[in-house]
Structures are given as structure tokens and as C-alpha cells.
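Data first, discussion second: the structure below is written as C-alpha cells.
Read-outs throughout are calculated quantities, based only on the coordinates presented, and are distinct from any laboratory measurement. Here the structure is a predicted model, which means the values were calculated and not measured. Reconstructed Cβ throughout: ideal geometry from the backbone, glycine too, with neighbour counts over all protein chains shown.
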Amino acid sequence: MSEAKKIDPNLLYSTLVREIENDTVQELEPQFYRNLSEYLGKLKSEGYDGIESKIKARLVEMITNTVTLLIKTRISKVSHGGLNLTNLLDEEKFIIESAQDQLERKEMILSATLNGRTKLLESLSKKHKTKPVSVRFLKDFDQFVGADYTKYGPYKAEEIATIPNENAQALIAKNITVKISVD
């Protein structure tokens, strides 16, 4: 953890107040979220009994709510203020990048639809249905033919597999699998 500014509830609160009181995204230490994660990890791992346990649980809840509001505030400023990414941390830029991807995709579909580019729409649809998704099976499941016409399975509970998105979504909806991230 950075010795310059150790994370504690007071620092977190003052950071949130400073962010809310200003119209622009405020500068934070580059390691802010990692330091916060380390602080919370240590706090959660400490064992307490009785009233101390309740105090720790409430402190974790307050920190969680404060961080959630801080991130929402910072991202909202950027989203509504012309995408000036100057003071955003890398973790926040990761969030903004996905929003930009979503806008680009929306424009692509709209343009293809309005300009009669049916083949592009068909291609995008097929690509979405068949894109690989990693899942963990919660139950045993028989062999099936995927959206890409390939055979998959059979699978045992707790097995991990990469299957087409369309099939993954259907199995997730039926509580047979859960999506996992392998990044």
C-alpha cells in the first residue's frame, strides 16, 4: 500500500466529498483501487466476535457504498461531460471503453439497417450466436449440437467448457451453467 496516503474510511469519505463537490473528475493516486482492495481484503479477513464483528460488517458495508457512489459519480461525469478521460484511473477507463464499444455497435446496427446492408446484419447475428463463451457446468449435461453445428459434451458438474454464446445463454437461463471469465 502506498505510504503517502493509506486508505482508511476518512480518506475515502473525503475523496467522495471532493468528487461530488467538483464538476470535473478529480485526480486520484494511480493505485487507488488496488490500495482500497488490499485494505478491504485485510479488513474482511480479520476475525472478530460479537459487537466487533457487527462493527466490522457495518464498516465494510459503508466502504462498499462509498466506493460504489464514487465510481458512479466519476463515470457519470465523464459520460455526460464529453469523455475527457484525463483524471480517470485505468480501472475506470476499462468501464468507459465498454460503453464506447456499445455505442459503436449500436451505430453499426442502425447504419446497416437504415442502409439496407442485410448481409452485414446476418453476419453480425451469426457472429454473436457463435462467439465462444466459457462456462462452468453446475450439473451433468448430455451431448448437444451447438449454434455452430459442432457437437459439444457430454459434461459433468463442475466441468469448464467453451461453447457458442447462444447455447451458453440458454444453459445459463436454465441454471445448468454459469458464465466464467478466463481473462
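The table for this structure:
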read-out: Whether the stretch 20-68 is rounded, prolate or oblate, judged on the alpha carbon gyration tensor where a/c under 1.5 counts as rounded; value: oblate
read-out: Phi to ³J(HN,Hα) by Karplus 6.51 cos²θ - 1.76 cosθ + 1.60 over the stretch 143-153, Hz, x for Gly, Pro; value: 4, 8, 9, x, 4, 9, 6, 9, 7, 10, x
read-out: Restricting the stretch 1-94 to chymotrypsin sites (Phe, Trp or Tyr not before Pro) in coil, as DSSP defines it, with at most 13 other Cβ within 10 Å; value: Tyr48
read-out: Simple label model, 7 Å out from Cα along Cβ direction - Ile75 to Gln102, nm; value: 0.8 nm
read-out: Extension reserve of the Ile20-Leu110 stretch, reckoned as 0.36 nm per residue once the Cα distance is removed; value: 28.8 nm
read-out: Separation of alpha-carbon centers, the stretch 32-59 and the stretch 130-157, rounded to whole Å; value: 39 Å
read-out: J(HN,Hα) series, the stretch 64-77, from Karplus relation 6.51 cos²θ - 1.76 cosθ + 1.60, nearest Hz, glycine and proline x; value: 4, 5, 5, 5, 4, 5, 4, 5, 4, 5, 5, 5, 4, 4
read-out: Ranked list, fewest to most other Cβ atoms within 10 Å of each Cβ, for Arg34, Arg58; value: Arg58, Arg34
read-out: Span per principal axis, largest first, for the Cα atoms of the chain (Å); value: 56, 48, 24
read-out: Of the GluC sites (Glu not before Pro) in the stretch 39-128, those whose Cβ has at most 11 other Cβ within 10 Å and which sit in DSSP loop; value: Glu46
read-out: 5 Å-binned pair-distance histogram of the stretch 130-179 (Cα, whole percent); value: 5, 26, 37, 27, 5
read-out: Two-site label geometry, Ser123 and Gln31: point separation in nm, points 7 Å out along Cα→Cβ; value: 4.7 nm
read-out: Mean projected area in nm² (Cα convex hull; one quarter of hull surface) for the stretch 82-183; value: 8.9 nm²
read-out: Sorted by Cβ neighbour density within 10 Å, fewest at the top, the residues Leu69, Leu36, Leu110; value: Leu110, Leu69, Leu36
read-out: Within the stretch 108-162, trypsin sites (Lys or Arg not before Pro) in DSSP loop having at most 12 other beta-carbon neighbours inside 10 Å; value: Lys156
